[in-house]
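Read through the structure below, which is laid out as structure tokens, and then see the notes.
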Amino acid sequence: MGIDDRVLIFDTTLRDGEQSPGCSMTQPEKLRVAKALAELGVDVIEAGFPAASKGDFESVNAVAREVRGPIIAALARCAREDIEIAAKAIAPAAHGRLHVFLATSAIHREFKLGMAREEIVRRAVQGVRWAREHCADVEFSPEDASRTELDFLAEVVEAVIEAGATTINIPDTVGYTVPDEFAEVFRYLRRNVRGIEKARLSVHCHDDLGLAVANSLTAVANGARQVECTINGIGERAGNCALEEVVMALKTRESHFKCRTNINTTRLYPTSRLVSSITGVAVPRNKAIVGENAFAHESGIHQHGMLKNAQTYEIMRPEDVGLLRSSLVLGKHSGRHAFRERVRSLGFELEEAELNRVFEGFKALADRKKELFDGDIEALVLNAEGHESSPWSLAAFEVSSRFGEDAQVTLTLRHTDGREVSANGRGDGPIDAAFKAVETATALTLRFRKFEVRALTVGEDAQAEAVINVEHGNRSYRGVAVSTNIVEGGVNALLEVINRIELAQRNASRQPANADRDAIAGAANPAA
């Protein structure tokens, strides 16, 4: 049987992904994700399970009305009422699909359904026929297929294809199978199911044993031409096959798999971040493709190789997944080569002896801090040159905050040149107001990226560590301060950043103009 080289990407973030505890989305949020998926280039969006609730029906219907490009699919059990509700939900779609399912494994037949084999076949066939009354594009899934007897699985698949199913999805519903075993499932079906060439084979894997992507790729290697997956791998229990991982595996190893997708891979990172922000489920730092560390290098040996040729330690380009550049993260494992390049990219030219002194200070600081940011490097260089390290300090502040009203902060900052500057700030809470007052007092505008507070001790008077991440002039800065007062800690963390920026500006004003320096900084300065 000839098999084409196109693998369809069936995204079930809005259905299976949303079923994951803590991942529920409102209708407007589902529409945002659906539109992002369309921009990403997925072939099918499974928008939900309309029979589950009125809200689910309305969300699927809204996606079908407003999103163009992908096929819009709705899930239904092999029950007439479910199928009719699903058909109404996807009716506005330019291209709709009904996805019907019925469990086939022995354990599900006995304990969940209480049905004999013959009844399962009859129900499956009837469900597909009912779906075909409403839609020409019908997908059938034998739930728990990976634990179903192969001869019975083949019998069900053959029957539903004859009834009109155009896609046959083979799910590893509980994440139980392993690659070699799963490969045999697909080989068996292709050898033993009459009419198998009339339908597209699909795969849907869960990650209970951490094998969802591996099993999905195995299925592709054995004839599957649709992969069902979710952004960031979210889904029930341990989650689903991660879309970004399977897509980049097929792209990076295209010569091996000899197939392709139509995904715009430069949209993977922003789509991942959108789903993470909406669901509130953070992407682990070490997550393949879209994690913070996916293109970050701290080891000195790795960094040296990266500086010579990125392909020494990167099998993909960060630009291919929507990132601007790789990140050479400076930490205690970093080497002199990466440190020298970062110092140069920040605009400093040091003699070898001076560089060695600063590098020793860097290593000592790295033993105390997990990561060092550009501001840390600047401070080390400037302190080595004998500059004042803290121009601004907090002299006093007063907070006024009432329920239902903007918070107000009045503060006074003291500068080492003898000035005292007072300013007012109003904002959505004391921290927001305090930060605005600091910006006014220092006449400095920043882009705030993250603010975190965590308790360092226990009790009502616990000390808290305030951590702030900001950007200024295409560079990233992080400030840290500890206080029992969150506002004081936040202000001091922000002042740590502002002091580094001011010292860097002073240094730049004393440096001779260098036309190449900006180019070097733009190319080599990653956001740490």
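The values are calculated or read from the model by the stated rules, or taken from the named source; none is laboratory data. What you see is a predicted model, and the numbers here were worked out from it, not measured in a lab. Cβ: placed from backbone, ideal geometry, glycine included. Neighbour counts: every protein chain shown.
The table below gives the values:
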quantity: Restricting segment 246-263 to residues that are surrounded by fewer than 16 Cβ atoms within 10 Å (Cβ to Cβ) and under 16 Å from C229 (Cα atoms), the residue that is farthest from the chain's Cα centre (by Cα); calculated: R260
quantity: Only one of R68, R117, R80 that is over 20 Å from T148 (Cα atoms), in contact (Cβ under 8 Å) with a residue 24 or more places away in the chain and touching a Phe, Trp or Tyr at 6+ places or on another chain (Cβ under 8 Å); calculated: R80
quantity: Whichever residue in segment 10-29 is modelled with pLDDT of 95 or more and touching a helix residue (DSSP H, G or I) at 6+ places or on another chain (Cβ under 8 Å) and, among such residues, is farthest from Q226 (Cα to Cα); calculated: L14
quantity: Any chance A94 is surrounded by fewer than 24 Cβ atoms within 10 Å (Cβ to Cβ) and in the same structural domain as V160 (by TED's automatic domain parsing); calculated: yes
quantity: Residue among A94, A106 that is of a type in the set (G, A, S) and within 20 Å of T173 (Cβ to Cβ); calculated: A106
quantity: Some residue of segment 256-263 being among the aliphatic types (A, V, I, L, M) and either at pLDDT 85 or above or touching a strand residue (DSSP E or B) at 6+ places or on another chain (Cβ under 6 Å) (or both); calculated: yes
quantity: Pairs with Cβ under 6 Å, 6+ apart, first in segment 38-49 and surrounded by fewer than 24 Cβ atoms within 10 Å (Cβ to Cβ), second of a type in the set (A, V, I, L, M); calculated: A38/V67; G41/I263; D43/L8; D43/I9
quantity: Flag for D406 being exposed (fewer than 15 other Cβ atoms within 10 Å of the Cβ) and more than 35 Å from the chain's Cα centre (by Cα); calculated: no
quantity: Hits in segment 226-258 (condition: closer than 14 Å to C205 by Cα and assigned to a loop (DSSP other than H, G, I, E, B)); calculated: I234, G235, E236, R237, A238, G239, C241
quantity: Odd one out for E158 among (1) farther than 30 Å from D208 by Cβ; (2) touching a Lys or Arg at 6+ places or on another chain (Cβ under 9 Å); (3) part of a helix (DSSP H, G or I); calculated: (1)
